[in-house]
Amino acid sequence: MGVQKLSSKNQIVIPKEARKAMRVKSGDELLVVVKGDVTVVMPKPREYGKALRGLGKGIYPPGYLKRERKSW
């Protein structure tokens, strides 16, 4: 974990290890999410559909969606 100092222009340098882990380079866009006292910085997905695909897998018990759709 690297400690970075906030510059007079309110900027920080993301350490090389973090850039490598996130696979980002100069000019890439980053998302900054603030939840309470925690701030998360992550690469902006190139395609949101691909980034979100499969996140809901396993939320519902087996057969639930099939039964729910039949009730419509």
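Applying a threshold of 6 Å to beta carbon distances and a minimum spacing of six or more residues, or different chains, the list of pairs starting in segment 30-45 at a residue that is without any contact (Cβ under 8 Å) to a residue 24 or more places away in the chain and ending at one that is among the aliphatic types (A, V, I, L, M) and not in a strand (DSSP E or B) reads Pro43/Met22; Pro43/Val24; Pro45/Ala51.
For first residues located in segment 1-25 and in contact (Cβ under 8 Å) with a residue 24 or more places away in the chain, partners that are among the β-branched types (Val, Ile, Thr) and surrounded by 10 or more Cβ atoms within 10 Å (Cβ to Cβ) and lie 6+ apart or on another chain with Cβ distances below 8 Å form the pairs Ile14/Val24; Ile14/Val41.
Taking the criterion of being among the polar types (S, T, N, Q) and closer than 21 Å to Arg46 by Cα, the only residue of segment 9-29 that qualifies is Ser26. Here Met42 clears all of (1) touching a helix residue (DSSP H, G or I) at 6+ places or on another chain (Cβ under 8 Å); (2) assigned to a loop (DSSP other than H, G, I, E, B) except the condition numbered (2).
On the given criteria, is Leu31 among the hydrophobic types (A, V, I, L, M, F, W, C) and either touching a His at 6+ places or on another chain (Cβ under 8 Å) or assigned to a loop (DSSP other than H, G, I, E, B) (or both)? No; evaluated as a whole, the condition is false for this residue. Within segment 1-27, no residue satisfies the criterion of being among the acidic types (Asp, Glu) and touching a Pro at 6+ places or on another chain (Cβ under 6 Å).
When segment 20-44 is filtered for residues that are hydroxyl-bearing (Ser, Thr, Tyr) and either surrounded by 10 or more Cβ atoms within 10 Å (Cβ to Cβ) or more than 18 Å from Gly2 (Cα to Cα) (or both), only Ser26 remains.
The single condition among (1) under 16 Å from the mean Cα position of the chain (by Cα); (2) among the acidic types (Asp, Glu); (3) surrounded by 10 or more Cβ atoms within 10 Å (Cβ to Cβ) that Glu47 does not satisfy is (3).
For segment 48-62, check the following and say yes or no: at least one residue is touching an Asp or Glu at 6+ places or on another chain (Cβ under 7 Å) and in a loop (DSSP other than H, G, I, E, B). Spell out the reasoning first.
As a first pass, look at segment 48-62 and keep what is touching an Asp or Glu at 6+ places or on another chain (Cβ under 7 Å): none.
Checked against the condition, which is being touching an Asp or Glu at 6+ places or on another chain (Cβ under 7 Å) and in a loop (DSSP other than H, G, I, E, B), segment 48-62 yields no hits at all.
For segment 2-19, the set of residues classified as assigned to a loop (DSSP other than H, G, I, E, B) and of a type in the set (A, V, I, L, M) consists of Val3, Leu6, Ile12, Val13, Ile14, listed by residue number.
Check segment 10-17 and report whether any residue there is touching a Gly at 6+ places or on another chain (Cβ under 8 Å) and either at pLDDT 90 or above or acidic (Asp, Glu) (or both). Even if it seems obvious, please write down each step before you answer.
Within segment 10-17, the subset touching a Gly at 6+ places or on another chain (Cβ under 8 Å) is 15, 17.
Then drop every residue that is not either at pLDDT 90 or above or acidic (Asp, Glu) (or both), which leaves 15, 17.
Yes, the conditions are met somewhere in segment 10-17.
The values are calculated or read from the model by the stated rules, or taken from the named source; none is laboratory data. Please read these numbers as outputs of a predicted model, since none were measured by experiment. Cβ coordinates were reconstructed from backbone atoms using ideal geometry, including for glycine residues, and neighbour counts include every protein chain displayed.
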